[in-house]
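In what follows, a structure is listed as structure tokens, so that the remarks can point back to it.
The values are calculated or read from the model by the stated rules, or taken from the named source; none is laboratory data. Keep in mind that this is a model prediction, so the values were computed, not measured. Here Cβ is always computed from backbone atoms with ideal geometry, including for glycine, and neighbour counts include all displayed protein chains. Ligands, DNA and RNA are stripped out before the accessible areas are found, and what is left, the full protein with its side chains, is counted by its heavy atoms. Shrake-Rupley method; radii C 1.70, N 1.55, O 1.52, S 1.80 Å.
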Amino acid sequence: MAELTLVEAINDAFHVELERDPDVMVMGEDVGRAGGVFRATAGLRDRFGPDRCVDTPLAEAGILGSAVGLCMAGWRPVCEMQYDAFSYPCLDQLITHVGRYRWRTGGAMEFPLVVRMPYGGGVRAPELHDDSPEAYYVHTPGVKVAIPSTPADAKGLLAAAIRDPDPVVVLEPKLHYRTLRGEVPEGEHVVPLGEARTVREGTDVTLVAYGAMVPLAEAAADALDDEVSTEVLDIRTLKPLDEAALLAAAAKTGRVVIIQEAPRTAGYGAELAAILAEKAMLDLRAPVVRVTGYDVPYPYWQIEDAYMPSVERVVDAARRLLEF
Amino acid sequence: MAQVLPAERDLRRVIGDGEGVPDGEVEGLSEDDLLELHRRLVQLRTYDERSLVYHRQGRIGTYAIFWNHEAMQAGSVYALEREDWIFPSYRESAIGLLRGMPASTVLSWWRGHPTGWWNPADWNVASICVPIGTHVPHAAGLAWGKKLRGESACAVAYFGDGATSEGAFHEGANFAAVMRAPLILFCNNNQWAISTPLEAQTAAETLADKAVGYGIPGVRVDGADVLAVYEATREAVTRARAGDGPTFIEAVTYRAAPHATADDPSAYIDPARVEEEKERECLGRYEAYLRRLGLLSDEAAEAVRAEALERMREGIAQAEAEPAPDPALLFSHALASPPASFDQDLAELRRVLGG
Ligand SMILES: Cc1ncc(C[n+]2csc(CCOP(=O)(O)OP(=O)(O)O)c2C)c(N)n1
Ligand SMILES: [Mg+2]
């Protein structure tokens, strides 16, 4: 085991996976010479050469579109989108081709590509460096979506995404790139897609979260410690969802708070709530509630703390359920 | 259809080097004009240098440095009328100063404060565009819309060398060309897109060559030569107003500073090259030109700098005097008719924050 930051764990995954499989290549803006603006791809160009860690032209649709063709030529491209909100030009390719091509070939051809990007707010950045775009990706048929919340999962989920025969989008909580440290298994380490993680066991209320909201949920659980016993579930893979884990965590306490940084309406939390409404009705003792960002553009940074779900809002929601 | 010639590949220059290369002059520019251009260059330079200091002092956030880009901005804007529209990227964040926008507004933008948002129609300066190249179609649309209304205003879109790789740049340029919109496509070719050098961005010999594909003229100017920039832009504006459509201007300079305060270029740029480029930075060259003409004394230069510094002192004081924004502002302005849920969200937020 090594003690790594979240972004170091991603870098470690790349070194292991590029060494393991000569078909894996990394491409994106500034991933080569600079090793990525967050240094997620540091050292890859020197070690594996400029054809396997490629500084592309500044064009996100071009990056993902050419990744489709690279798959056809037998490569397994891992595309970096430099920031959440700068991934939007790639959505055209994602929706019209990445999620449909396998289907269009009657399952004859595979598109084992990965799109990864830093996402989320709280980093005091200028406009459009803060978005939580997971719903756009989850809503696209034919692609999988994972969001790690720990260094070990960041390594293991990226490795799983690279090895998966289908397109996988991995969103990485940039707020915690360097603030979260943790034990990370050395060498090959794979966290299978589709498995949630129980962060802590509890009996009174369940907090369901993913990505940057998991440490927040843990802080809220700490704050509630004197009052109640709190279960925290990290969804980890948004699609395919570990439905059994969700239902079990809900059944244990009968009270569920879903935490999501993205705007509320039609966000991923709505999907979780719908599943609970469909399949957990008889286990619930109170309505399912969401603590989310608001239905407004992500604000300028002096006010971003008021936008982001906070420990206070999560605690307040949990108490409301307990008093229901 | 006017015949479109191959793009010019030679760099247009006006300012000489004080040695073998003689100084030229721009027809129609008076001494007052030359000094006003100097004042504007100094305003921008001072804004940039002070901003870097403010960033280090923690008084503004992440900041995109535009040192040695001032001549492109001051020179091109000087060729515009007040009715003409400016579409800046983050690299031209302070370009509104040239239209009289308070420094506090731009500083507030970098401070992440709502007083950094402005009404574009107040200054004919669009919002600072962060996603690369996405404002090029906006500028094309504005220019086209003005033409449809029979108005004489034109527009300038500012973007970098890297932006020419984006689909949005291509689509905007093509729209403007097809609609014969009065647009100036102003490319700040500082030869880097963060760590990506120009040769990894394009296989074209020059960026101006791209104009040929759109059926519009493309010219290249020395981007550190404020007079050459002014003259090339003036020509493009004349064409635009005459109904002859867009022009692509490639202004060639060098990014002699980090991409932004968060960037460390030592990993990818040769520091010796940067030092060499700093030698020929745009303000020093223009001041030397003015001195050769006998138009600029030390005293006058000092006075201009003092004025610019004062504007910054005022600006930062005003920006810092703004109270912290109220959370209610989260819900303001996104929609003309906000849904009832906004009131509920705010009430709940206040309740939780309050206790
Ligand atoms: C659509 C999009 N992709 C990526 C980025 C991240 N980014 C910010 S600046 C930059 C480089 C831009 O280079 P260039 O167009 O040459 O302009 P310069 O910064 O050199 O003025 C990149 C990749 C962005 N802002 N928008
Ligand atoms: Mg550039």
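Tell me, which strands (runs of 3 or more DSSP E) lie completely within the stretch A:156-202 with 3 or more residues that are open to solvent by less than 10 Å² (accessible area, probe 1.4 Å) and closer than 16 Å to A:ILE235 by Cα? By residue number, A:168-173.
Consider the stretch A:130-140 and keep the residues that are open to solvent by 30 Å² or more (accessible area, probe 1.4 Å) and part of a loop (DSSP other than H, G, I, E, B). The one that is farthest from B:THR62 (Cα to Cα) is A:HIS139. Looking at the structure I just gave you, is A:ASP131 among the acidic types (Asp, Glu), touching a residue at least 12 places away in the same chain (Cβ under 8 Å) and closer than 30 Å to B:SER108 by Cα? Yes. In this structure, B:GLU299 qualifies as within 23 Å of B:GLU49 (Cβ to Cβ), exposed (fewer than 14 other Cβ atoms within 10 Å of the Cβ) and of a type outside the set (Ser, Thr, Tyr). The set of residues in the stretch B:315-342 that are among the aliphatic types (A, V, I, L, M) and surrounded by 15 or more Cβ atoms within 10 Å (Cβ to Cβ) comprises B:ILE316, B:ALA319, B:LEU329, B:LEU330. For the stretch B:261-281, taking the residues that are in contact with a Ser or Thr (Cβ under 6 Å, 6 or more places away or on another chain) and within 9 Å of chain A (Cβ to nearest Cβ), the one that is nearest to ligand 2 (Cβ to nearest atom) is identified as B:TYR268. The residues of the stretch B:156-170 that are within 11 Å of chain A (Cβ to nearest Cβ) and either assigned to a helix (DSSP H, G or I) or away from ligand 2 (no atom under 13 Å from the Cβ) (or both), listed by number, are B:GLY162, B:ALA163, B:THR164, B:SER165, B:GLY167, B:ALA168, B:PHE169, B:HIS170.
Looking across B:ALA2, B:ALA64, one residue alone is modelled with pLDDT under 95, of a type in the set (Gly, Ala, Ser) and under 29 Å from B:ALA143 (Cα atoms). It is B:ALA2. Quick check on the stretch B:175-183. Is at least one of its residues in contact (Cβ under 8 Å) with a residue 24 or more places away in the chain and within 13 Å of ligand 2 (Cβ to nearest atom)? Within the stretch B:175-183, not a single residue is in contact (Cβ under 8 Å) with a residue 24 or more places away in the chain and within 13 Å of ligand 2 (Cβ to nearest atom).
Here B:TYR158 fulfils each of the conditions (1) of a type in the set (Phe, Trp, Tyr); (2) within 11 Å of ligand 1 (Cβ to nearest atom); (3) open to solvent by 10 Å² or more (accessible area, probe 1.4 Å) apart from (3). Considering only residues in the stretch B:122-145 that are small (Gly, Ala, Ser) and buried (at least 24 other Cβ atoms within 10 Å of the Cβ), the one that is farthest from ligand 2 (Cβ to nearest atom) turns out to be B:ALA143.
The residues listed here are B:GLU36, B:GLU49; of these, the one that is surrounded by fewer than 24 Cβ atoms within 10 Å (Cβ to Cβ), at pLDDT 95 or above and farther than 29 Å from B:ALA321 by Cα is B:GLU36.
A single entry from A:VAL26, A:VAL31 fulfils the requirement of being outside any helix (DSSP H, G or I) and over 21 Å from A:HIS129 (Cα atoms): A:VAL26. Among residues of the stretch B:41-79 being more than 13 Å from the chain's Cα centre (by Cα) and either of a type in the set (A, V, I, L, M) or not assigned by TED's automatic domain parsing to the domain that holds B:VAL14 (or both), the one that is nearest to ligand 1 (Cβ to nearest atom) is B:LEU52. Of all residues assigned to the stretch B:243-256, none qualifies as being modelled with pLDDT under 95 and open to solvent by 20 Å² or more (accessible area, probe 1.4 Å).
Checking A:VAL78, A:VAL54 one by one, the residue that is outside any helix (DSSP H, G or I) and touching a Lys or Arg at 6+ places or on another chain (Cβ under 7 Å) is A:VAL78 and no other. Applying the criterion of being more than 14 Å from chain B (Cβ to nearest Cβ) and under 18 Å from the mean Cα position of the chain (by Cα) to the residues of the stretch A:64-82, the residue that is farthest from ligand 1 (Cβ to nearest atom) is A:VAL78. Looking across the stretch A:13-42 at every residue that is open to solvent by 40 Å² or more (accessible area, probe 1.4 Å) and farther than 16 Å from A:LYS174 by Cβ, the one that is farthest from the other protein chains (Cβ to nearest Cβ) is identified as A:ARG20. Among the residues of the stretch A:287-304, the ones that are at the interface with chain B (Cβ under 9 Å from one of its Cβ atoms) and either among the charged types (D, E, K, R) or touching a residue at least 12 places away in the same chain (Cβ under 8 Å) (or both) come to 6 in all.
In this structure, B:THR196 does satisfy being within 10 Å of ligand 2 (Cβ to nearest atom), within 14 Å of chain A (Cβ to nearest Cβ) and farther than 21 Å from B:VAL229 by Cα.
Scanning the stretch B:114-145 for residues that are within 14 Å of chain A (Cβ to nearest Cβ) and not in a loop (DSSP other than H, G, I, E, B) yields B:PRO114, B:THR115, B:GLY116, B:CYS129, B:VAL136, B:PRO137.
The condition (being open to solvent by 10 Å² or more (accessible area, probe 1.4 Å), within 16 Å of ligand 1 (Cβ to nearest atom), within 29 Å of A:ILE63 (Cβ to Cβ) and without any contact (Cβ under 8 Å) to a residue 12 or more places away in the chain) is satisfied by just one residue among B:GLU166, B:GLU199, B:GLU171: B:GLU199.
I'm trying to understand the selection: among the residues of the stretch A:36-50, which are in a loop (DSSP other than H, G, I, E, B) and acidic (Asp, Glu)? Of everything in the stretch A:36-50, nothing turns out to be in a loop (DSSP other than H, G, I, E, B) and acidic (Asp, Glu). Could you please give the count of residues in the stretch A:83-123 that are within 20 Å of A:CYS53 (Cα to Cα), open to solvent by less than 20 Å² (accessible area, probe 1.4 Å) and part of a loop (DSSP other than H, G, I, E, B)? Qualifying residue count, the stretch A:83-123: 3. Counting only strands (runs of 3 or more DSSP E) wholly contained in the stretch A:210-324, the ones carrying 2 or more residues that are open to solvent by less than 20 Å² (accessible area, probe 1.4 Å) and within 29 Å of B:LEU346 (Cβ to Cβ) occupy A:230-234, A:256-263, A:289-293. Filtering the stretch B:314-337 for residues that are on the phi > 0 side of the Ramachandran plot and more than 9 Å from chain A (Cβ to nearest Cβ) leaves an empty set. Looking at this structure, is B:VAL212 crowded, with 23+ Cβ neighbours inside 10 Å, away from ligand 1 (no atom under 12 Å from the Cβ) and either of a type in the set (Gly, Ala, Ser) or more than 13 Å from every other protein chain (Cβ to nearest Cβ) (or both)? Criteria not met by B:VAL212. The test for being more than 13 Å from ligand 1 (Cβ to nearest atom), in contact (Cβ under 8 Å) with a residue 40 or more places away in the chain and among the acidic types (Asp, Glu) holds for B:GLU205.
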